[in-house]
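The numbers here are math on the coordinates, done by the rules we state, and not lab data. A quick note: this is a predicted structure, and the numbers were derived from the prediction, not measured. Counting neighbours? That spans all protein chains shown, and the Cβs are built from the backbone with ideal geometry, glycine included.
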Amino acid sequence: MESFDDLVARLAQAEGQLMALEALNMAALNSVPPAELSILIAALEEHADAVRASFDRAGRPEQVRSAFERGVDRARCVLSAHLTPPIASNRRGSAEAVLLTAARISTFAGARLLTGASGFFFRRHGRLYLVTNRHVLVDESSGHHPDRVEIELHTDVRDLTRCTMYSMPLFRNGLSLWRDATDSGGAVDVAVIEVESHHLPVSAVLFAFDEAILDPQGEDVAVGDALMVIGFPLGFHDTVHHLAVARSASVASAYGVRFQQLGYFLTDARTHRGSSGAPVLRRRGGEPSGASLSSWQLLGVHSTRMDMRSRDLVADESLGLNCVWYADVLLTLTDAANLR
């Protein structure tokens, strides 16, 4: 009879082999063109049905069937998370893919709703992240301490009226699940939290930026350049199709220079509460249409409005300037060497 130590060794070996297969699967997925992923999803369903039929013939135990269904569900979620078509259509028209990268975030303490904010999805090294401001997840100065967030997810790329809410805990075993950063100027108001693909709803469809959107592709960014802030100001959005709205902005400080030695630049835009965590993008030159994600460059993450304490609230209007943290902090936050 096999000893306990031998059994543990066999389980460890099996786990290691499964992890190697997982790495291979993710590498293969990252090399599959988006247009072919829908074919792969259809093939998965076809082969899964064939396996189910074999279960019926062979009389496999219920534990095997359950494990198989969980595995198929996870594979379906991972494939859907990589499915990023250039245009997602609904029954009456189409929505640019860039709108579908944005996520409406609600923060909670238990069942109590606290705040609303914006965020977006970013994918790197086969992992999917939700990006927002740090102060959305925790803000010591105001006593803001949520324990979870909810985001809205589309569940049908062809019918944008269909969506579901997905809850993400912010702590596990007393430790925060998000990552933030500091630099020479102090704390950076950007945070990422990994979206665990195997916990996603089976039908969830996600649209995410990747490293390519950070590449300037040889183009310069200058003061006055037109930008776009995509988010949920005051929670406002298309409540039928669950889409964010876009607000025009412009570069208002020397781009590439740390404003007052902090890791952000300024924009000139009309913004509101709820826009915190929104992506700030520039349309690439020579791109007549922004329908594809490749048409955009991600410059930063919108954080807060800027103002002067000395402003006369009656005589002087608000400055109308905003703080945007440089997007390259995402490479630090999602560096595989720094992940837990």
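At a glance:
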| item | result |
| --- | --- |
| Computed E for SER203/ARG10 - FRET, C-beta separation, R0 45 angstrom, nearest 0.05 | 0.80 |
| Exposure proxy ranking, count of Cβ atoms within 10 Å, fewest first, for PHE108, PHE171 | PHE171, PHE108 |
| Relative packing of peptides 273-279, 232-238 - highest average C-beta neighbours within 10 Å first | 273-279, 232-238 |
